[in-house]
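Colleague: Starting off with a structure, shown below.
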Amino acid sequence: MQNYKAPQRDTLFVTNELLGFEEHYQRLGFEDATDDLVRAIYAEAAKFAENILAPINAVGDDEGCTFNDGEVTTPTGFKEAYRQYVEGGWPSMSHPVEFGGQGLPYSLSTSMAEWFSGANHSWAMYPGLSQGCMETLKAHGTPEQKKVYLEKLVEGSWTGTMCLTEPHCGSDLGMLKCKAEPAEDGTYKLTGTKIFISAGEHDMSDNIVHIVLARLPDAPAGTKGISLFIVPKYNVDADGNITDRNTVKCGSIEHKMGIKGSATCVMNFDAANAILIGEPNRGLNCMFVFMNMARIGTGVEGLSATEAAFQGALTYAQDRTQFRSMSGVKNPDGPADPIIVHPDVRRMLLTQKALREGNRALSIYCMQLVDVSQHAADAQEKQMAEAKLALLTPIVKAFLTETAQETTSYGMQVYGGHGYIKEWGMEQLARDTRICTMYEGTTGIQAIDLLARKIMGSNGELLKVFTGEIKEYCASIRDKQQFGHWSNAVESHVDEWLQMTQDIGLSAANNPEELGAAAVDYLMYAGYVTVGYFWLKMAVVAQQKLDEGTTEVDFYNAKLQTAKFYFDRMLTRTRSLVSAISSGSENLMQMDAEHFFQG
Ligand SMILES: Cc1cc2nc3c(=O)[nH]c(=O)nc-3n(C[C@H](O)[C@H](O)[C@H](O)COP(=O)(O)OP(=O)(O)OC[C@H]3O[C@@H](n4cnc5c(N)ncnc54)[C@H](O)[C@@H]3O)c2cc1C
């Protein structure tokens, strides 16, 4: 099995050379986040991912979690790794000092979260869900709730979950049925069943804080009648001391395709003690804070699988020998040439490489926008960052996870039949990352969020803000003639994107199905163009470094060569997407539902 290596160099290229993080952190007031400190933290995170998490990845897949009378035991090594994670201070990194955090930026912890997930997706789910719980409490908890719950979560001795899904409703949360009845002391008694709850029960922490969506007795129907509650596994007193067991219990865990070390739980709430967070009936609004970050986090999971599949495939392609190169022998001392000489193997590797680096640039850019939206002093700058983030979040979630399906499939394909065999780890990656297009809102739901809610809902304003940035950048490099071709390609795609949006808007005015019919292809189109923009920027930076006489000539040349691959062979995928989008909804909607099966 391939040893996972945290992509420190490439991450630093994006943060420091592409996005100017050194200045970004200082400007937002993170004086402590100096380049030296960031590099030191990255080095420790890499060690944790490579030496602690990666070795128990296959173990987690083999053993899975075990369930016994409401208790869940995680695979060998998971609990110990979590203990080391807490001792290393990782849970508290980007939380405020007042709650025991280290006050470092969100982008710092989230860019490293890619490595934890790349080393061990299942394990990374446990702290990942906790982060969501903490963000929700930070944004909407009362001072008392923060004192009692947040500090323990930040410290890592407790973990958290997000309980949304019920058996009859996943995407359409307006249908949820869990009920919360007011108790006399101002708390609530919450009753109902949640399914598919990641980290709902496990043996890694002293308490589990469930954030649960439920309805109050007089709540209006639909999404306007949902409230948000804290339900701890163990009840706690006002000082945060554990008292007795609450009446929430894990009923079973799912047997599933991948992420077997992550417990996916049915959670039964039987008049469980619950505390309201935020305003009554505003639960879904409160949840959006968490959801946006969780969506970026899920996109990053997709990226992490792309990275791990690329690393495995590349090592194998350099080692495995089959046939001779068509252009002449490349490995005269061996019986055959390594398969990396063959154009088709290179096509697969370069697809992985182009997506690994392009998607990383896009995701870290979004993390930078989160930093700005949380900490910028200037209100207008904050607003711009929020607008771009709103547009890019569904793209990051869906594009990075959809492309991970292709890259992990290539991970197996480069290995040939060996890719299908468990021992190499490639099939585990493909199984583990399959869930990413489904949870945290499916690709279909992200696409509707992008096209209908964000773009049409803002009359195209959100799109104009981001495409404005792209156009401005293209204008700023007009004098760099060697990039004229790629820059024109990006600009003409932006014009096409804007025009296509208008066209869809016009046809949707006559037929609302046009939005749904276009949505997923539209999102993928947006993804390829956005990543194209980042490839253009990365190529410009790489050329600049070469012109300045860098010693890392191979690193920057590889960037330029990968950019060429992206522009020649990947951005061009937009042609078939445009064709599908412009074909409209009739080819999808004309068949009666009962006529789909014809024998
Ligand atoms: C391993 C795992 C872990 C999970 N972890 C959690 C967790 O921690 N907490 C939690 O609350 N949930 C969790 N989930 C649940 C997950 O978020 C849901 O499965 C997901 O939101 C989809 O809901 P659903 O399964 O009910 O599918 P449905 O909503 O029934 O959707 C089925 C299909 O219909 C499509 N569809 C539905 N409506 C539309 C529409 N309007 N337009 C176009 N297409 C549409 C969807 O895209 C999808 O393809 C987890 C699930 C799994 C499998």
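The values are calculated or read from the model by the stated rules, or taken from the named source; none is laboratory data. This one's a predicted model, so the numbers in the text were calculated from it and none came from an experiment. Counting neighbours? That spans all protein chains shown, and the Cβs are built from the backbone with ideal geometry, glycine included. Only protein heavy atoms, including side chains, enter the accessible area calculation; ligands, DNA and RNA are left aside. Shrake-Rupley method; radii C 1.70, N 1.55, O 1.52, S 1.80 Å.
Colleague: Tabulate in residue order the Karplus-calculated ³J(HN,Hα) for segment 19-31, using 6.51 cos²θ - 1.76 cosθ + 1.60 with θ = phi - 60°, rounded to whole Hz; enter x for Gly and Pro.
Modeller: Here the 3J(HN,Hα) series is 10, x, 5, 4, 6, 4, 5, 5, 5, 7, x, 8, 4 Hz.
Colleague: For segment 330-400, treating each Cα as an identical point scatterer without solvent, what Debye log10 I(q)/I(0) comes out at q = 0.22, 0.23, 0.29 1/Å?
Modeller: The Cα Debye sum returns log10 ratios of -0.92, -0.96, -1.16.
Colleague: Can you tell me the length gained on complete extension of the stretch GLU44 to ASP344, counting 0.36 nm per residue apart and subtracting the Cα distance?
Modeller: On the way: separation 300, 0.36 × 300 = 108.00 nm, distance 3.70 nm.
Result for the pair: 104.3 nm of gain on full extension.
Colleague: Still on this model: If I compute solvent accessible area with a 1.4 Å probe over the protein chains, what percent of it on segment 106-233 is carbon and sulfur?
Modeller: Working: 2210 of 4000 Å².
Roughly 55 percent, rounded to a whole number.
Colleague: Also, quick follow-up: Which residues among segment 299-337 fall inside the zone where the amide N is under 14 Å from a point 7 Å beyond the Cα of VAL553, along Cα→Cβ?
Modeller: none
Colleague: Ok, one more. What is the Cα centroid distance between segment 531-599 and segment 86-155, reported in whole angstrom?
Modeller: 34
Colleague: Listed here are the pairs LYS233/LYS397; LYS5/LYS260; LYS330/LYS545; LYS79/LYS256; which of them are more than 26 Å apart at the Cα?
Modeller: Working: LYS233/LYS397 30 Å; LYS5/LYS260 22 Å; LYS330/LYS545 31 Å; LYS79/LYS256 21 Å.
Beyond 26 Å: LYS233/LYS397; LYS330/LYS545.
Colleague: Do me a favour and compute the ellipsoid semi-axes for the chain from its Cα gyration tensor, root of five times each eigenvalue, largest one first, whole Å. The partial results should precede the final answer.
Modeller: Working: eigenvalues 296, 168, 132 Å².
Those come to 38, 29, 26 Å.
Colleague: Let me ask something additional. Segment 256-341: which chymotrypsin sites (Phe, Trp or Tyr not before Pro) are DSSP loop and have at most 13 other beta-carbon atoms within 10 angstrom? Walk me through the intermediate numbers first.
Modeller: Working: sites: PHE269, PHE288, PHE290, PHE310, TYR316, PHE323; in loops: PHE323.
Passing sites in segment 256-341 are PHE323.
Colleague: Moving on to the next point. What nm value, rounded to one decimal, do you get for the distance between THR142 and ALA593 when each label is placed 7 Å out toward the C-beta?
Modeller: Using points 7 Å along Cα→Cβ, the separation is 4.5 nm.
Colleague: May I ask for the equivalent-ellipsoid semi-axes of segment 447-549, computed as the square root of five times each C-alpha gyration tensor eigenvalue and listed largest first in whole Å? The partial results should precede the final answer.
Modeller: Working: eigenvalues 203, 28, 23 Å².
The three semi-axes for segment 447-549 are 32, 12, 11 Å.
Colleague: Direction-averaged shadow area of the convex hull around the Cα atoms of segment 426-490, nm²? Numbers along the way, then the final one.
Modeller: Values: hull surface 28.5 nm².
Average of the hull's projected areas for segment 426-490 equals 7.1 nm².
Colleague: Between ASP244 and ASP62, what's the calculated FRET efficiency when r is the beta-carbon distance and R0 is 45 Å? Round to 0.05. Mind dumping the intermediate values first?
Modeller: Details: r = 36 Å, r/R0 = 0.81.
Efficiency at R0 = 45 Å is approximately 0.80.
Colleague: Now a separate question. Relative to the compact-globule scaling 2.2 N^0.38 Å, provide the ratio for the alpha-carbon radius of gyration of segment 161-270. Kindly include the intermediate steps, with their values, before the conclusion.
Modeller: Working: Rg = 14.3 Å, N = 110, 2.2 N^0.38 = 13.1 Å.
That ratio works out to 1.09.
Colleague: Below 13 angstrom from the Cβ of LYS5, what's the summed charge of the other residues (Lys, Arg +1; Asp, Glu -1)?
Modeller: Its environment carries a net charge of -1.
Colleague: Additional query: Applying 1/(1 + (r/R0)^6) with R0 = 41 Å to the Cβ-Cβ distance of ASP203 and GLN8, what FRET efficiency is obtained, to the nearest 0.05? Mind showing how you got there, number by number?
Modeller: Details: r = 32 Å, r/R0 = 0.78.
Step by step, r from the Cβ atoms, then E = 0.80.
Colleague: Normalise the Debye intensity by I(0) for segment 239-353, one equal point scatterer per Cα, no solvent, then take log10 at q = 0.11, 0.14, 0.19, 0.20 Å⁻¹ and round to two decimals.
Modeller: At q = 0.11, 0.14, 0.19, 0.20 Å⁻¹ the computed log10 ratios are -0.69, -0.86, -1.15, -1.18.
Colleague: A further question follows. Give me the percent of accessible area attributable to carbon and sulfur for segment 254-370, probe 1.4 angstrom. Display every interim value, and only then the final one.
Modeller: Working: 2390 of 4340 Å².
Percent of accessible area from carbon and sulfur atoms in segment 254-370: 55.
Colleague: Let me ask you something else. Kindly provide the pair-distance distribution of segment 144-214 built from C-alpha pairs, with 5 Å bins from 0 and whole-percent values in order of increasing distance.
Modeller: Whole-percent P(r) values from 0 Å outward: 3, 15, 20, 20, 19, 16, 6, 0.
Colleague: What distance in nm separates the simple spin-label points at ASN235 and SER579, each placed 7 Å from Cα in the Cβ direction?
Modeller: 6.5
Colleague: How large is log10 of I(q)/I(0) for segment 6-149 at q = 0.13, 0.14, 0.21 Å⁻¹ when the intensity is taken from the Debye formula with one equal scatterer per alpha-carbon?
Modeller: Debye curve over Cα of segment 6-149, log10 I(q)/I(0) at q = 0.13, 0.14, 0.21 Å⁻¹: -0.66, -0.75, -1.33.
Colleague: Round to a whole number: what % of the accessible area of segment 460-580 belongs to carbon and sulfur, probe 1.4 Å? Show your work: numbers first, answer last.
Modeller: Working: 2740 of 5490 Å².
Roughly 50 percent of what the probe reaches on segment 460-580 is carbon or sulfur.
Colleague: Which values, in whole Å and largest first, are the semi-axes of the equivalent ellipsoid of segment 101-140 obtained as the square root of 5 times each eigenvalue of the Cα gyration tensor? Provide the component values of the computation, followed by the final result.
Modeller: On the way: eigenvalues 75, 37, 8 Å².
For segment 101-140, the semi-axes come out at 19, 14, 6 Å.
Colleague: May I have the extent of the alpha carbons of segment 184-238 along their three principal axes, as whole Å values ordered from largest to smallest?
Modeller: 38, 30, 14
Colleague: Tell me, rounded to the nearest percent, the portion of alpha carbon pairs in segment 1-43 spaced more than 12 Å apart. Walk me through the numbers on the way to the answer.
Modeller: Details: 567 of 903 pairs.
Above the 12 Å cut-off, segment 1-43 has 63 percent of its Cα pairs.
Colleague: Can you give the helix-only mean residue ellipticity at 222 nm for the chain, where every DSSP H stretch with n ≥ 4 adds -39500 (n - 2.57) and the sum goes over all residues, rounded to the nearest 500 deg cm²/dmol? Write out the running numbers ahead of the final one.
Modeller: Values: 19 runs with 306 residues, N = 599.
The per-residue figure over the chain is -17000 deg cm²/dmol.
Colleague: If I model a spin label at ARG453 and LEU560 as a point 7 Å from the Cα along the Cα→Cβ vector, what separation in nanometres do I get?
Modeller: 4.4
Colleague: Something else now. If you roll a 1.4 Å probe over the heavy atoms of the protein chains, what accessible area per residue do you get for the chain, in Å²? Intermediate values should be presented prior to the final figure.
Modeller: Numbers: 24890 Å² over 599 residues.
I get 42 Å² per residue for this part.
Colleague: Same structure again: Stick to Cα atoms and the Kirkwood definition of Rh, then tell me Rg/Rh for segment 211-269.
Modeller: Numbers: Rg = 15.3 Å, Rh = 14.2 Å.
We get a ratio of 1.08 for segment 211-269.
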